[in-house]
Amino acid sequence: MFEPFARADQRRWGEVYVRGLLLDGRRKSVEPMAARLGEDGNRQALAHFITTSPWDAAHVRARLAWRMQQVIKPTVLIVDDTGFLKDGDASACVARQYTGTAGKVTNCQAGVSLHLASDVASAAVDWRLFLPESWDAASPKADPAKVARRTKCGIPEEVGHVEKWQLALDMIDETRSWGIEVPLVVADGGYGDAAAFRLGLEERGLSYAVGISTTTTAQPEEAQPQTPPYSGRGPRPRPVYPEPAQAVKKLVIAVGKQAARPVQWREGSRPGSGRNGLKRMYSRFVALRVRPAGREIRKTADGPELPVRWLLAEWPVTKPEPVQFWLSNLPADTPLATLVRTAKLRWRIEHDYREMKQTLGLAHFEGRTWRGWHHHVTLVSVAHAFCTLQRVTRSPKETASA
């Protein structure tokens, strides 16, 4: 991982830092790690290495992606973001913003990540720190106090506010520049609700299965645009759909609960009635062919007809209404089970976040710089990949006895 480092001391402290992340201990910031590292516990050297040393995190992440691609054999790329809760306001890009980590608007940083994933393993291979509008001098929502702190935090002058879905597309482009080609992307509604994100994936020739909100609108597959009569004055009218687009929830309810089919997509980790003695992850799903609507979709449509996509909805037998929705551009003959298993594979990113935060100190970085944050999350990803390699390369007997 550290071959791109220019100096031997950088390689040494990179190895020491990762070892500190892997050692037992509740807190994985520099000072407590240094206390646990014995002869290598040079707090000043570790702090300099992670916060200010001029090594390029992207080079390490590229090598990490190459290594993990060989082992994971990824079938999907997963993108998401996670919050880094902060008490103060001095760290780079801290602002009051919503994060699923806390389930509310709170003072935090937000990091967007991209993961290689298959049914058996996953690894975070790219990161971006989200810069809120309040930190962007060019934004009408700029906060002068935050803008003034950019220099102290080492935020590059060219970095401005970019939506999270665009950061995700940028990371996909970067991993492809490394030679990582995975043709399928999975994301939750924070990304799937952005039509520009879905269109960006299609422009790149990528398939997707992305979550959407209940208010996303679409036309039924059979709907056809019609040309209104010409009045004889002005330009001739263009074809339009005679009925307004409907919310996806309404479209699914219209076909009825009887259209839902049972699908088991994997076995969980708790004891149950599955083949391996584990609980079966099981529910009922409806899959419809629809035409997603919206201004951006209409602008890019090839002709008056909106393109047809899959609408997938989870409708548990115990619920009066569907509870979750996805859109996908997978082929029209894709089986229901494949749609479900692809959409549900997003659980891998939650698994990664939990491991990296609970055991590897992902959210423990106490530095305040832009560079330091990217260095820290990159090395946490290396530590997490090491743990993943131990799991997937051991025999089941060795894993059970570990």
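The values are calculated or read from the model by the stated rules, or taken from the named source; none is laboratory data. Here the structure is a predicted model, which means the values were calculated and not measured. Cβ: placed from backbone, ideal geometry, glycine included. Neighbour counts: every protein chain shown. In case anyone asks, the SASA skips ligands and DNA or RNA and just uses the protein heavy atoms, side chains included. Shrake-Rupley method; radii C 1.70, N 1.55, O 1.52, S 1.80 Å.
A few remarks follow.
- Meets criteria (surrounded by 14 or more Cβ atoms within 10 Å (Cβ to Cβ) and either among the hydroxyl-bearing types (Ser, Thr, Tyr) or touching a strand residue (DSSP E or B) at 6+ places or on another chain (Cβ under 6 Å) (or both)) for VAL71: no
- Residue match in the range 173-191 (condition: assigned to a strand (DSSP E or B) and of a type in the set (Val, Ile, Thr)): yes
- For the range 72-100, filtering for residues that are within 22 Å of ALA343 (Cα to Cα) and of a type in the set (A, V, I, L, M, F, W, C) leaves 5.
- For GLU267, the test of being in contact with a Pro (Cβ under 7 Å, 6 or more places away or on another chain) and either open to solvent by 80 Å² or more (accessible area, probe 1.4 Å) or acidic (Asp, Glu) (or both) is failed.
- Some residue of the range 151-159 being among the small types (Gly, Ala, Ser) and either free of Cβ contacts under 8 Å to residues at least 24 places away in the same chain or closer than 29 Å to GLU350 by Cα (or both): no
- The listed residues are SER91, SER29, and the only one of them that is open to solvent by 10 Å² or more (accessible area, probe 1.4 Å) and among the polar types (S, T, N, Q) turns out to be SER91.
- Annotation: of all residues in the range 324-350 being part of a helix (DSSP H, G or I) and touching a Phe, Trp or Tyr at 6+ places or on another chain (Cβ under 8 Å), the one that is nearest to VAL210 (Cα to Cα) is ALA343.
- Of all the residues in the range 203-253, those that are among the charged types (D, E, K, R) and open to solvent by less than 90 Å² (accessible area, probe 1.4 Å) number 3.
- Helices (runs of 4 or more DSSP H) completely within the range 8-118 that count 2 or more residues being over 30 Å from VAL182 (Cα atoms): 8-22, 30-36, 43-51
- Lone unmet requirement of (1) closer than 19 Å to SER122 by Cβ; (2) touching a Phe, Trp or Tyr at 6+ places or on another chain (Cβ under 8 Å); (3) open to solvent by less than 70 Å² (accessible area, probe 1.4 Å); (4) outside any loop (DSSP other than H, G, I, E, B) for LEU362: (4)
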